[in-house]
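What follows is one structure encoded as structure tokens, with my remarks underneath.
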Amino acid sequence: MFLKRYIGDKAFYSKVLRITIPILIQNVITNFVSLLDNLMVGRLGTEPMSGVAIVNQLLFIFNLCIFGGISGAGIFTAQYHGKGDEEGIRNTFRMKAMIVASITAVALIIFAFFGPQLISLFLHQGEEKLDLALTLEQGKSYMYVMLISLLPFALCQIYAGTLKETGETMLPMKAGITAVLVNLCLNYVLIYGKFGAPALGVVGAAIATLIARVTECLIVAIWTHRHKERNPYIKGIYRSFRVPKDLAVKVLRKGLPLMINEGLWSLGMTGLTQCYSVRGLEAISASNISSTVSNLFFCAVFAFANAISIIIGHLLGSGDIERARDEDSKLIFCSICICAVVGSALAICAPFIPQLYNTTDSIRDLATKFLLVSAVMMPFNAFIHAAYFTFRAGGRTVLTFVFDSVYIWCISFPIAFVLSRYTSMPIFPLYLTVNCIELIKVVFGAILLKKGTWAKNLVSD
């Protein structure tokens, strides 16, 4: 019974690998290059590294708002593809474009006028007596260049997301690989001033990211328009932005909770980082090292979560509800097993990678402890992400909102806020406590998955 429920056949794993491997490769290369980028900036010193980390934490909110904004339409894109409805895909693409334009405009206004004040929220003196003014200046210099990259990043997500939702995962992978290689090479040249270029430090890192994002955007957009036979929905895509009212209402009903969820969740995660920063800039530096390294290993979690969203979305759209429930169980079990192995690898690497950074011994030691916590939590996070993307594939966006945002704002953040402001608890026990709170979501997720109310066809006539 166990084998039948949780272990698939050869055809099942072949399908999973066909979808997962390209996403995994792209994520691994992207995060590996991000680690190298982080190391390059980290070689400049603790203050530049911390300034860049704070700005990236703020931009993380924008990135997830974009992700959440297009995810509602993406649910319908995947199911329309399963149904074979190209006009439906075309309309969801247009909805994504309008949503992304609105989010980007708001983000540019906020960061342009309130950026320095937002950075300052994370600047607190600790035992190391680091230079907070220098950290602020480095962060501002990096941020103002990065703002230009918001538009190509957002546009790329529309194209790449639609391609993935319609089963084309190879092209976004190739575009992502090209972009990260461009970013890596330009970082080396512009940060340190190689091959006759000026040494621009954190500004060079921002310029390299901007050029890489433009490159990725151009690749996915040009390929999509040049291969109309494989992407028939792209024909006449910009002739009109009119979307059927009933579809717009459905997308907004499903998408707004996702967008609000991603926005609130990312704000909550940023709030947790701000709580850690109260213990000093050292906490920001250690957290930056830990998150950059652990994200490389978390690629397995995200790849399987994306596979669940695509595979289950297609099955639900085609009306095969029982098969969707069956394959979801197998996908989740496979994700947990693989991520347990990956977590073990992270635990082995944890003591060594922080030693590569040009920072203090105490920050390296703290980063190692943070990494060990991430390693232990990885299989649990695999289950949590799998549950989230399962609920999302079935359009249960209100449930995902409760599962993510309500949880972090009603449980995780209040606990972190109280412990950071009203106790003298050191940073590591504080960090460990906040992470262990996530285990409660495993229980809730298991109960909700077993009920099976998420398995719904949203695009039936």
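Some observations on this one:
- Subset of the stretch 75-124 [surrounded by 13 or more Cβ atoms within 10 Å (Cβ to Cβ) and not in a helix (DSSP H, G or I)]: Asp85, Leu121, Phe122, Leu123, His124
- Selection within the stretch 293-322: residues that are in contact (Cβ under 8 Å) with a residue 60 or more places away in the chain and part of a loop (DSSP other than H, G, I, E, B). The member of this set that is most open to solvent (accessible area, probe 1.4 Å) is Ser318.
- Once the stretch 125-163 is narrowed to residues that are of a type in the set (Gly, Ala, Ser) and part of a helix (DSSP H, G or I), the residue that is modelled with the lowest pLDDT is Ala133.
- Cβ pairs under 9 Å, 6+ apart, first in the stretch 184-207 and at positive phi and touching a residue at least 40 places away in the same chain (Cβ under 8 Å), second aromatic (Phe, Trp, Tyr) and part of a helix (DSSP H, G or I): Gly201/Tyr142; Gly201/Tyr192
- Among the residues of the stretch 215-245, those that are open to solvent by 60 Å² or more (accessible area, probe 1.4 Å) and among the hydrophobic types (A, V, I, L, M, F, W, C) comprise Leu218, Ile222, Phe241.
So that you can scan it fast, the table gives a plain yes or no per residue for (1) farther than 21 Å from Asn381 by Cβ; (2) surrounded by fewer than 16 Cβ atoms within 10 Å (Cβ to Cβ); (3) not hydrophobic (A, V, I, L, M, F, W, C):
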site	(1), (2), (3)
Phe403	no, no, no
Cys410	no, yes, no
Ala416	no, no, no
Tyr431	no, no, yes
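- Failed criterion for Arg18 (all others in (1) over 26 Å from Thr292 (Cβ atoms); (2) not in a helix (DSSP H, G or I) hold): (2)
- When the stretch 349-363 is limited to residues that are assigned to a helix (DSSP H, G or I) and without any contact (Cβ under 8 Å) to a residue 60 or more places away in the chain, the one that is surrounded by the most Cβ atoms within 10 Å (Cβ to Cβ) turns out to be Cys349.
- Taking the stretch 252-262 as the range and being in contact with a Ser or Thr (Cβ under 9 Å, 6 or more places away or on another chain) and either surrounded by fewer than 20 Cβ atoms within 10 Å (Cβ to Cβ) or of a type in the set (D, E, K, R) (or both) as the test, the residues that pass are Arg253, Lys254, Leu256, Ile260, Glu262.
- Residue count for the stretch 217-272, restricted to those that are under 30 Å from Leu59 (Cα atoms), without any contact (Cβ under 8 Å) to a residue 12 or more places away in the chain and not in a helix (DSSP H, G or I): 1.
- Criterion violated by Ser290 - all others in (1) small (Gly, Ala, Ser); (2) buried (at least 20 other Cβ atoms within 10 Å of the Cβ); (3) at pLDDT below 90 satisfied: (3)
- Scanning the stretch 273-282 for residues that are part of a helix (DSSP H, G or I) and open to solvent by less than 10 Å² (accessible area, probe 1.4 Å), we see that the one that is nearest to Gly72 (Cα to Cα) is Cys275.
- Where helices (runs of 4 or more DSSP H) fall entirely within the stretch 366-461, none has at least 2 residues that are closer than 30 Å to Gln355 by Cα and among the acidic types (Asp, Glu).
- Cross-chain or 6+ apart pairs with Cβ under 7 Å, the stretch 435-461 first and farther than 20 Å from Ser329 by Cα, then modelled with pLDDT under 85 and surrounded by fewer than 16 Cβ atoms within 10 Å (Cβ to Cβ): Ser460/Gly319
- Of the residues making up the stretch 185-205, not a single one is within 20 Å of Leu24 (Cα to Cα) and either of a type outside the set (Phe, Trp, Tyr) or surrounded by fewer than 18 Cβ atoms within 10 Å (Cβ to Cβ) (or both).
The values are calculated or read from the model by the stated rules, or taken from the named source; none is laboratory data. All of these numbers come straight from a predicted model, not from anything done at the bench. Counting neighbours? That spans all protein chains shown, and the Cβs are built from the backbone with ideal geometry, glycine included. Keep in mind that these areas ignore ligands, DNA and RNA; they rest on the heavy atoms of the full protein, side chains included. Shrake-Rupley method; radii C 1.70, N 1.55, O 1.52, S 1.80 Å.
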